[in-house]
Every structure is written in C-alpha cells, then in structure tokens.
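Computed from the coordinates by the stated procedures, all read-outs in this text should not be read as laboratory data. Because the structure is a prediction, the values reported are computed rather than measured. Ideal geometry is used to build each Cβ from the backbone, glycine not excepted, and the neighbour counts take in all protein chains shown.
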Amino acid sequence: MNKQQLLATPIAFQVSLLLASTPILAAEGESPVSEMDTLITQEQYQQAFALGQENLDEWEGDPDFDYAFGLAARESGNANESVFALERVDAIATDASLRALARLELARAYFVNNNLTASENLFNAVLASNPPPNVQQNIQDFLQRIEARQNAQTPTFNWTISSVIG
C-alpha cells in the first residue's frame, strides 16, 4: 500500500461510517409509538415499557406516546407510571377519542393501584358520556368489582373489655 492509499483509507472509512449512521441519526428523532403499539399488540408489554422508558425524556408529553407508554406500564406491572402517563393524556390530548380511551385506561390504572374512589369517579364520568354498549358493560363490570372491594375494606369497630390491676 502506498502513502497516498494509506492516507485515503481513514477518510474513506470515516465517510462510510457517516453514511452508514445517517439512517440511525434520522431514526433517533422518530416517535417510538408505532413500535410500542406493535409490541403491545403482541402482548410484549415489558419490552414496550422498556422502549418507552428509553424514549421518555424526548417524548413525554406527546399524547400518543404517553397513551402507549401508559398501557405498556400498566400491563407490565408499573401501575404508578401508567397513572402519570395517562393523566398527562387526559390533561393535554386535543383528540376527544384519545382522551376518552385514556380516561378508561386511567380508571383501570387507578383500580389496579387500589385507588377505588378515583377509579369509580372516572368510570362514572365516562359512563355519563354514553359510550357504546360494550364499553358500558365493561364499566358496569368494573363498578361491581369496585363495590366488592370497597365492601371487603369496610372499616369495622372492635372493642374489648379487660381488667387491669396495678
């Protein structure tokens, strides 16, 4: 290899690296929502949640991202993260159908977190908007489950009498 070829090799290598990394750099700014949706559809919730965590700093606050992240979080056992993400969607989504879906999923996340009052209130609010019959039935099922949990948690009053000699 002559001197000219030796000097050209690192430049050619650097140019080829730059050209090869261009798609990676372009993909970096793309939303991970479609990939997360695919993972959620395949019931790979933990992977969807991990992908969401990797992109949280960049995409948090985007309603579509937050909705997908909230679903993945709840289904992967991270109900607190789910609540935060779905509350953001409920607060900022301009798409009424996305907001309605987020409210239903948020009510479920509250239920999973055992925040029964918030869950019941949100389910009743969605029910008041007259959703489709299948959604109404699902909400009624959750309301019955909430009532059963509340009845199981009803506080009781116990007392005892004892004598103390001192």
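Side notes on the structure shown:
- Residue in the range 44-54 that is free of Cβ contacts under 8 Å to residues at least 24 places away in the same chain, farther than 14 Å from R108 by Cα and hydroxyl-bearing (S, T, Y) present: no
- Breaking point among (1) surrounded by 14 or more Cβ atoms within 10 Å (Cβ to Cβ); (2) more than 9 Å from the chain's Cα centre (by Cα); (3) in a helix (DSSP H, G or I), for S31: (3)
- Summed over the range 46-72, the residues that are aromatic (F, W, Y) and more than 18 Å from L101 (Cα to Cα) give a count of 2.
- For the range 110-123, the criterion of being part of a helix (DSSP H, G or I), touching a residue at least 24 places away in the same chain (Cβ under 8 Å), aliphatic (A, V, I, L, M) and touching a Leu at 6+ places or on another chain (Cβ under 6 Å) is met by no residue.
- Failed criterion for S82 (all others in (1) under 21 Å from I139 (Cα atoms); (2) surrounded by fewer than 16 Cβ atoms within 10 Å (Cβ to Cβ) hold): (2)
- Within the range 55-75, residues that are within 15 Å of D37 (Cα to Cα) reach partners that are outside any helix (DSSP H, G or I) and not small (G, A, S) with beta carbons closer than 6 Å, at six or more positions or on different chains, in the pairs N55/P32.
- Leading residue by the ranking (farthest from N115 (Cα to Cα)) among those in the range 66-79 that are of a type in the set (G, A, S) and crowded, with 24+ Cβ neighbours inside 10 Å: A68
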